[in-house]
Amino acid sequence: MDLAQFKRQMRTLGLLGFKTISLRDVCNWLDGRASLPWKPVVLTFDDGYEGFLPVIAPILERYNFTATIFLIAGKIGSEVKWNGKPPMRIMTADETAELARRGFDVQSHGLTHLDSRQADPATLHTELLDSKRTIEQITANSVKL
């Protein structure tokens, strides 16, 4: 999807009266601890690429929207390359903390983007817990696994 198309989609959601909620809000609602607004929608973004803070966040904030970002905690500030695609950089710890301060929900997408279907239990345990600890340390918010 290109940026112009994304902007149009967010504008349409705003005009139609949708309200973004985080996955944390959904969990709280499922646990009976919160209610949801009329026309809730969850926006999620995988990996935590560096363009989110300067490009995507302002578009979302224009419509008073939020999102859940699934961050690869062990790749923070690093360049990654997936499946023959061009290299991309993952946001820094400072960018991650800034997004959390601005109300974005940062959750774990693992420590290294490991294929969990092929991981042994001990490796998977480390992958999940270390990513949780890293993100919680940076954002001062809890991470649900």
Which percent of the accessible area of the chain is formed by carbon and sulfur heavy atoms (probe 1.4 angstrom)? 53
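Defining a contact as two alpha carbons under 8 Å apart and six or more residues distant in sequence, what relative contact order in percent does segment 106-145 show?
On the way: 34 pairs, mean separation 21.0, N = 40.
Relative contact order comes out at 53 percent.
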Sorted from largest down, what three extents in whole angstroms do the Cα atoms of the chain have along their principal axes? 46, 40, 28
Computed over the chain: relative contact order in percent, which uses C-alpha pairs under 8 Å that are six or more apart: 21
Heavy-atom accessible area per residue - the chain, 1.4 Å, Å²: 59
Taking only Cα atoms and a 10 Å spring cutoff, compute GNM fluctuations for the chain and point out the largest among GLY14, GLY32, GLY110. GLY32
Amide H to amide H, which residues 5 or more places from THR66 or on other chains are under 5 Å from it, using H placed in the peptide plane? THR20
Residue among PHE70, PHE104, PHE45 with the largest mean-square fluctuation in a Gaussian network model of the chain, springs linking Cα atoms under 10 Å: PHE45
Could you calculate the FRET efficiency of SER78 with ALA34 from 1/(1 + (r/R0)^6), where r is the beta carbon distance between them and R0 is 22 Å, rounded to 0.05? 0.05
Just to compare against my own numbers: the Cα pair-distance distribution for segment 1-74, 10 Å bins, whole % per bin, please. 18, 47, 29, 6
Lysine pairs in the chain with Cα distance under 28 Å, only those 8 or more apart or on different chains: how many are there? 16
Can you tell which of VAL41, LEU13, THR139 lies farthest toward the positive end of the dipole of the chain, using +1 and -1 charges on the Cβ of basic and acidic side chains (Lys, Arg; Asp, Glu)? LEU13
Candidate cut points under trypsin sites (Lys or Arg not before Pro) in segment 64-102, DSSP loop plus at most 14 other Cβ atoms within 10 Å of their own Cβ, are LYS81, ARG102
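What per residue convex hull volume, in Å³, do the alpha-carbon atoms of segment 62-135 yield?
109
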Label points 7 Å out from Cα along the Cβ direction at SER116 and VAL41: separation in nm? 2.7
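The values are calculated or read from the model by the stated rules, or taken from the named source; none is laboratory data. Since the model is a prediction, treat every value here as computed from it, not as a measurement. Cβ sites come from the backbone with ideal geometry, for glycine too, and all protein chains shown count toward neighbours. Heads up: the accessible areas ignore ligands, DNA and RNA and are worked out on the full protein's heavy atoms, side chains in. Shrake-Rupley method; radii C 1.70, N 1.55, O 1.52, S 1.80 Å.
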